[in-house]
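The structure under discussion appears below in the form of structure tokens.
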Amino acid sequence: GKLGRYPPWPGKIVNPPKDLKKPRGKKCFFVKFFGTEDHAWIKVEQLKPYHPHKEEMIKINKGKRFQQAVDAVEEFLRKTKGKDQASSHNSNEEKNRRNSSEERGKQSTGEEKRKASLSEGKLKKGTGEGKKRVSSVSSERGSKSPLKRAQDQSPRKRGRPPKDEKDLTIPESSTVKRVMTGTVAGFKWPPSVSEPVKDSDPHFHHFLLSQTEKPAVCYQAITKKLKVCEEVRQILVLMDFPYCHEDLQIGFLGLGLMGSGIVSNLLKMGHTVTVWNRTAEKCDLFIQEGARLGRTPAEVVSTCDITFACVSDPKAAKDLVLGPSGVLQGIRPGKCYVDMSTVDADTVTELAQVIVSRGGRFLEAPVSGNQQLSNDGMLVILAAGDRGLYEDCSSCFQAMGKTSFFLGEVGNAAKMMLIVNMVQGSFMATIAEGLTLAQVTGQSQQTLLDILNQGQLASIFLDQKCQNILQGNFKPDFYLKYIQKDLRLAIALGDSVNHPTPMAAAANEVYKRAKALDQSDNDMSAVYRAYIH
């Protein structure tokens, strides 16, 4: 298929895992990207020094996630500079100690020479050979180095010192030392694959770029003539390699809370995107930003290489694929469909089967996050299905999320996503229950929040949802009706394997009560109102 292009991105060379094979026939290094948890093999000739290309990179990249990557680079540089200064200070102290030792050595040598002179003088008086012998030693001392003398005097082959000269050392050339410090010492090539990984991610093997022996992308950058200046340090590089741009056509179906942020970030990163939404007016804003308009899902799929979809529930996901002018009508061999909706495993398996039966390629990729994280390009993407398609989507996933996991066969991502949202929904109900209990027992809700924020439960989610409740602001960041849907599907998942889910079941009842109070289209934090009515 067509390769897209990744935008320039800062990274650092790290040690690869022991069991990760290096691509054959390629001189490349293993790089971890700043601001992400992704890794990749990158060709040596396609790395660029950070500082000379920093401004160019910043012009190309936009968004909060990229800014976080740049901030991480600058912080790394500050720490490295601090270490270097400390190292330089220690080196100067060592040099001073060496100089002091040399001075003492010179004084000692001078004393020895004086004593030797006196002895030689006595020797001259006692024998006529003294002058000749001393003259010979003096000549050697003035014309040849100790190493040369050792070679001349030794009957052994050149390069093999006699046994009594094992301790002979060759002082390091100051010229060599300067070259190493200026052009080589600042760039430390990574050790062999057999050495331990010093900077790997705990979930390393879940990521695409860390698993594939044959990278899904091609890379460009550092030529052999590149001199790595000291300011770059040993592991800072700037990537410039292919990403989805003009060659790869992207389609997107569904412009809800999550879909809108995803499309916006795809456009910011330079992707060509064709959009469709059931309510056509939602497309207008993205058309103004450079997106193309698709009249039907079938048309979008037929004109795009990869089509993403993000809709509300299993019924909407099925209707989108199987309905009139649906996705299936646009599928032909080689066409790719990625469903990002949170649905049950049975639904996604059925969709995968019909897509593949037409020669298409299928990937499920539900996302964990909310509207704000979607807008910031900081979603967590859980994918399963066609591994090759997952790799082809890498640049798009880079644009919309901070991390992507590949979980194996179709259905696994759906199950994992429901479990994640089950935990989140249950936690939200517990937060609401605690705040209302505090209120009815005469305790300060704000003080409760302050206490929680200082404890082990402290999190952005906890703080934001409590603030929503305290301020009475339930503008949707994650619809209450959708978290209730996920709880319902998670409970059904538990039923399918006879696994008890009593906490989720209790939380589900509270959300159902909130829906009855007309809170469906409010944020999930509006579950609070189920406790006060």
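Brief remarks follow.
- Here GLY401, GLY359, GLY377 are screened, and the one residue that is out of contact with any Ser or Thr (no Cβ under 8 Å at 6 or more places or on another chain), surrounded by fewer than 23 Cβ atoms within 10 Å (Cβ to Cβ) and not assigned by the TED database to the domain that holds GLN67 is GLY359.
- Selection from segment 319-353 of residues that are surrounded by fewer than 19 Cβ atoms within 10 Å (Cβ to Cβ), assigned to a helix (DSSP H, G or I) and either assigned by the TED database to the domain that holds MET422 or not aliphatic (A, V, I, L, M) (or both): ASP319, GLN329, ASP346, THR349, GLU350, GLN353
- Every residue from segment 511-533 that is among the hydroxyl-bearing types (Ser, Thr, Tyr) and either part of a helix (DSSP H, G or I) or without any contact (Cβ under 8 Å) to a residue 40 or more places away in the chain (or both): TYR511, SER525, TYR528
- Residues that are under 20 Å from PHE34 (Cβ atoms) and surrounded by 24 or more Cβ atoms within 10 Å (Cβ to Cβ), drawn from segment 386-396: SER395, CYS396
- Selection status of GLU433, open to solvent by 10 Å² or more (accessible area, probe 1.4 Å) and over 20 Å from SER368 (Cβ atoms): yes
- Residue match in segment 508-523 (condition: hydrophobic (A, V, I, L, M, F, W, C), closer than 17 Å to ASN421 by Cα, under 36 Å from the mean Cα position of the chain (by Cα) and surrounded by 14 or more Cβ atoms within 10 Å (Cβ to Cβ)): no
- Among residues of segment 421-450, those that are closer than 17 Å to GLN464 by Cβ and not hydroxyl-bearing (Ser, Thr, Tyr), counted: 16
- Residue selection: ALA492 satisfies the criterion of being surrounded by fewer than 19 Cβ atoms within 10 Å (Cβ to Cβ), part of a helix (DSSP H, G or I) and small (Gly, Ala, Ser).
- Test: SER368 is surrounded by fewer than 21 Cβ atoms within 10 Å (Cβ to Cβ), more than 20 Å from PHE286 (Cβ to Cβ) and among the polar types (S, T, N, Q): yes
- Among the residues listed as ALA514, ALA490, the single one being among the small types (Gly, Ala, Ser), within 21 Å of THR436 (Cα to Cα), at pLDDT 95 or above and touching a helix residue (DSSP H, G or I) at 6+ places or on another chain (Cβ under 9 Å): ALA514
- Across segment 29-50, the number of residues qualifying as open to solvent by less than 30 Å² (accessible area, probe 1.4 Å), aliphatic (A, V, I, L, M) and assigned to a loop (DSSP other than H, G, I, E, B) comes to 0.
- Residues (of a type outside the set (Val, Ile, Thr) and crowded, with 18+ Cβ neighbours inside 10 Å) located in segment 293-311: GLY294, PRO297, ALA298, CYS304, ASP305, PHE308, ALA309, CYS310
- Residues of segment 449-461 include at least one that is surrounded by 13 or more Cβ atoms within 10 Å (Cβ to Cβ) and closer than 30 Å to PRO314 by Cα.
The values are calculated or read from the model by the stated rules, or taken from the named source; none is laboratory data. Small disclaimer: the values here were computed from a predicted structure and weren't measured. Note: ideal-geometry Cβ built from the backbone for every residue, glycine included; neighbour counts use all protein chains shown. Accessible surface areas use protein heavy atoms only, side chains included; no ligands, DNA or RNA. Shrake-Rupley method; radii C 1.70, N 1.55, O 1.52, S 1.80 Å.
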